[in-house]
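Quick notes on the structure that follows.
The values are calculated or read from the model by the stated rules, or taken from the named source; none is laboratory data. Just so it is clear, the model here is predicted, and its values are computed rather than measured. Cβ placement follows ideal geometry from the backbone for every residue including glycine, while neighbour counts extend to all protein chains displayed. Side chains included, ligands, DNA and RNA excluded: accessible areas come from the protein's heavy atoms. Shrake-Rupley method; radii C 1.70, N 1.55, O 1.52, S 1.80 Å.
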Amino acid sequence: MQQPALFEYVLRIADDSLILGQRLGEWCGHGPILEEDIAMTNIALDLIGQSISLYDFAAELEGTGKNHDQLAYLRYENEYKNILLVEQPNGDFAMTILRQFFFDAFRLPFYEALMQSPVAQLAAVAAKSVKETRYHLKHTSEWVIRMGDGTDESHQRAQSAIDHLWRYTNELFYENEVDQTLQAEGKVPALSAIRTQWLSTVTNVLSEATLQIPTNDWKFDGGREGRHSEHMGYILSDLQYMQRAYPNMEW
Amino acid sequence: MVSAADIRSYLEEVSDPEIPVLTITDLGVVQQIYFQDQTWFVELTPTYSGCPAMQQIEADILSKLKEKGIENAQVKHVLSPAWTTDWISEEGRQKLRLYGIAPPVNEPDKSALFSEPPRVACPKCNSKDTRMVSLFGSTACKAHYQCNACQEPFDYFKCLK
Ligand SMILES: [Zn+2]
């Protein structure tokens with residue numbers, strides 16, 4: 001492989017999108033109201049669509065003639081490089097919205113920065129996806145405020161979701177030698193600058209929502225290295241079932 | 001031999017699978033058309049990354065060209081430049097309105113997180129007294145609105161820039 005660091009980097013973004021899209025898709029037919037059922041699945045479609053473009057590019061970089069389906073469906077758990085946040089269970093609606101909000105608040109400034117990448121395929125995916133992500137973040141921010149500043153129960157559920165998910169947010173900014181290599185080549189943005197923007201969005205929205213940022217600084221990571229939580233295997237068994245049972249099947 | 005302009009005119013007969021009153025050229029998803037290595041290439045850009053209609057559109061393009069006697073054609077999916085609702089033709093906007101879907105209006109500041117929802121005229125009675133019910137409507141590209149004047153629920157084709 002010519003550019004192993006870039007391949008790994010593209011997989012990360014693709015895997016974050018695919019796994020979160022798969023999780024959101026679980027709401028299909030189970031949303032608390034019809035409008036939210038539709039919103040969750042529309043956001044899932046955007047994310048899965050983004051992952052297809054990224055897997056196409058990753059397959060091109062890998063150069064072994066695979067297609068996006070083979071990358072999406074036929075890898076082992078430790079070959080997926082998504083962060084732990086996106087594989088966490090949907091829980092109640094507050095948990096799903098908060099997970100999505102923390103992710104969207106990262107994705108928007110991340111894509112904005114990635115649009116400047118000299119790697120044309122990355123810049124193109126970013127320019128396309130940034131427009132969609134703006135709608136996602138708007139939607140989840142409004143829900144965080146509605147729940148936090150809503151009834152006692154909605155407030156308490158939103159706060160418990162934050163208290164539970166906070167430990168996974170640090171991994172949004174996880175960097176290793178892949179980032180160092182690509183940053184040195186000027187191909188990808190430094191995540192430290194994005195963290196500042198993320199924290200500012202999170203602080204503003206949570207304060208508007210009368211919700212608190214947890215004071216404990218428990219941190220979990222490992223996803224970027226292929227070490228996942230106990231939930232990942234269950235997601236993959238669902239996600240990969242058709243391709244494992246009927247190899248190379250197509251619609 | 002046919003020209004790229006001929007091909008484009010053939011594509012004016014291909015309708016969007018989700019909004020059949022629109023052709024794919026009204027929608028602005030057809031980009032460059034060119035002949036290379038004995039093959040006609042049609043560049044297609046998705047409206048949204050996950051738009052499930054893209055594969056259907058590709059199949060419809062190929063079958064339309066076949067019907068016109070062009071066998072050696074390929075559809076190329078391109079992301080850049082990214083599609084924007086500005087590419088929907090004036091005629092396309094008129095067709096949307098007649099079909100009951102409010103066409104995109106210019107939303108001034110897309111970067112603001114908490115801007116007011118855009119003022120959208122009801123496609124039935126033209127009243128501007130409407131409200132957004134949900135940011136996500138029947139497809140990713142639409143929001144769900146309701147008219148306060150005539151009560152009509154309708155889809156609004158969201159501005160994407
Ligand atoms: Zn009306």
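Of the residues contained in the stretch A:112-124, one or more are found to be part of a helix (DSSP H, G or I), at pLDDT 95 or above, within 11 Å of chain B (Cβ to nearest Cβ) and surrounded by 23 or more Cβ atoms within 10 Å (Cβ to Cβ). Selection within the stretch A:67-79: residues that are more than 15 Å from the chain's Cα centre (by Cα) and within 14 Å of chain B (Cβ to nearest Cβ). The member of this set that is most open to solvent (accessible area, probe 1.4 Å) is A:N67. Return the residues of the stretch B:148-161 that are of a type outside the set (A, V, I, L, M) and more than 16 Å from the ligand (Cβ to nearest atom); say none if nothing qualifies. Scanning the stretch B:148-161 gives B:F157, B:K158, B:C159, B:K161. Just one of the listed residues (B:I61, B:I57) is under 13 Å from the mean Cα position of the chain (by Cα), in a helix (DSSP H, G or I), within 30 Å of B:Q36 (Cβ to Cβ) and assigned by TED's automatic domain parsing to the domain that holds B:S15, namely B:I57. Filtering the stretch B:118-136 to residues that are away from the ligand (no atom under 16 Å from the Cβ) and either more than 20 Å from the chain's Cα centre (by Cα) or not in a loop (DSSP other than H, G, I, E, B) (or both) leaves only B:S134. When the stretch A:86-123 is filtered for residues that are over 14 Å from the mean Cα position of the chain (by Cα), touching a residue at least 24 places away in the same chain (Cβ under 8 Å) and under 21 Å from A:D179 (Cα atoms), the ones remaining, listed by number, are A:A113, A:L114, A:Q116, A:S117, A:P118, A:V119, A:Q121, A:L122.
Applying the criterion of being more than 9 Å from every other protein chain (Cβ to nearest Cβ) and in a strand (DSSP E or B) to the residues of the stretch B:144-153, the residue that is farthest from B:G50 (Cα to Cα) is B:C147. Being modelled with pLDDT of 90 or more, surrounded by 18 or more Cβ atoms within 10 Å (Cβ to Cβ) and farther than 30 Å from A:G21 by Cα is the requirement here; does B:G100 meet it? So B:G100 does not fit the description; no. When restricted to residues that are of a type outside the set (K, R) and open to solvent by 40 Å² or more (accessible area, probe 1.4 Å), the stretch A:191-205 contains 8. One residue alone among A:K219, A:K187 is surrounded by 13 or more Cβ atoms within 10 Å (Cβ to Cβ), touching a residue at least 12 places away in the same chain (Cβ under 8 Å) and basic (K, R), and that residue is A:K187.
You will find that of B:E58, B:E90, the residue that is open to solvent by 80 Å² or more (accessible area, probe 1.4 Å) and of a type in the set (D, E) is B:E90 and no other.
Here is a yes/no grid of residues against (1) in a loop (DSSP other than H, G, I, E, B); (2) buried (at least 16 other Cβ atoms within 10 Å of the Cβ):
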| site | (1), (2) |
| --- | --- |
| A:T210 | yes, no |
| A:T215 | yes, no |
| A:G233 | no, no |
| A:L239 | no, yes |
| A:M242 | no, no |
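Among the residues of the stretch B:67-83, is there at least one that is away from chain A (no Cβ under 14 Å), open to solvent by less than 70 Å² (accessible area, probe 1.4 Å) and within 30 Å of A:S141 (Cβ to Cβ)? No, that holds for no residue.
Just one of the listed residues (A:T96, A:T64) is open to solvent by less than 10 Å² (accessible area, probe 1.4 Å) and on the phi < 0 side of the Ramachandran plot, namely A:T96. If only residues of the stretch A:125-153 that are surrounded by fewer than 23 Cβ atoms within 10 Å (Cβ to Cβ) and closer than 21 Å to B:T45 by Cα are counted, the one that is farthest from the other protein chains (Cβ to nearest Cβ) is A:V130.
Which members of the stretch B:89-143 meet the condition of being without any contact (Cβ under 8 Å) to a residue 24 or more places away in the chain, out of contact with any strand residue (DSSP E or B) (no Cβ under 9 Å at 6 or more places or on another chain) and over 23 Å from A:E112 (Cα atoms)? Matches in the stretch B:89-143: B:E90, B:Q94, B:N126, B:K128. Yes or no: the stretch A:52-59 includes at least one residue that is open to solvent by 50 Å² or more (accessible area, probe 1.4 Å), within 14 Å of chain B (Cβ to nearest Cβ) and not in a helix (DSSP H, G or I). Taking every residue of the stretch A:52-59 in turn, none turns out to be open to solvent by 50 Å² or more (accessible area, probe 1.4 Å), within 14 Å of chain B (Cβ to nearest Cβ) and not in a helix (DSSP H, G or I). Considering (1) part of a helix (DSSP H, G or I); (2) open to solvent by less than 10 Å² (accessible area, probe 1.4 Å), the lone condition that A:N82 does not fulfil carries the number (1).
If you go through the stretch B:137-147 and keep only what is more than 8 Å from the ligand (Cβ to nearest atom) and over 16 Å from the mean Cα position of the chain (by Cα), you end up with B:H144, B:Y145, B:Q146.
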